[in-house]
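As structure tokens, the structure follows; a few thoughts come after it.
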Amino acid sequence: MQESLFDMSTTTDYSKLNQMIKDFQPYSNLWLATNKWFTEYPKWLNGGFHELDANAAEKFVEDSIRTLTGVQRYFKDKEILPMCKINETIKKQLEEFRPKAPLMVALRKAGMKERHWQ
């Protein structure tokens, strides 16, 4: 394709590229969700309360659980058991944290005043 613009005699076959992207997507989704989980979770637990973006945390947890459900299906269908185990571990941690997310959102609402803490 681009080679023809430079009058090159050989051209690269990109026909398998879309399939490679599709095959790699579950790995990417798992890696990105896991990386963000291990990065953000300690901040949510130990970080400053005023820096906590509870809405973003809740959205991340919900989106990640949904994404990892699809990833799990892919790895099971392909019988990639080590990846299934990693995915199950991260998804379980997210599901255990899930009930805490609405509480974080409620406590970080703008309507919470100093008198509510006393």
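Every number here is computed from the coordinates shown, using simple stated rules; none is lab data. Note that the structure is a prediction, hence the values are computed from the model and not measured. Cβ: placed from backbone, ideal geometry, glycine included. Neighbour counts: every protein chain shown.
Charge dipole (Cα centre; +1 on Lys/Arg Cβ, -1 on Asp/Glu Cβ; no other charges) of the chain amounts to roughly 680 debye. Mean-square fluctuation check for the chain, GNM, Cα pairs under 10 Å: which of Ser64, Ser28, Ser15 is largest? Greatest mean-square fluctuation among the candidates belongs to Ser15. Kirkwood analysis of segment 55-108, using all unique Cα-Cα pairs, places the hydrodynamic radius at 11.8 Å. Each principal axis of the Cα atoms in the chain has its own extent, and those three values, largest first, are 77, 38, 19 angstrom. Listed by chain and number, the lysines placed with their C-alpha closer than 26 angstrom to that of Lys85 are Lys22, Lys36, Lys43, Lys59, Lys76, Lys100; residues fewer than eight positions away on the same chain are left out. The gain in end-to-end length when the Ile86 to Leu17 segment is fully stretched comes to 22.2 nm, 0.36 nm per residue minus the alpha carbon separation. Subtracting the Cα-Cα distance of Asn35 and Ala110 from their residue separation scaled by 0.36 nm leaves 24.1 nm. Other residues within the sphere of radius under 13 Å centred on the Cβ of Ile80, judged by their own Cβ, net out at 0 (K and R +1, D and E -1).
Loop sites by DSSP among the chymotrypsin sites (Phe, Trp or Tyr not before Pro) of the chain, restricted to those with at most 16 other Cβ atoms within 10 angstrom, leave 15-118 as the longest stretch without any of them.
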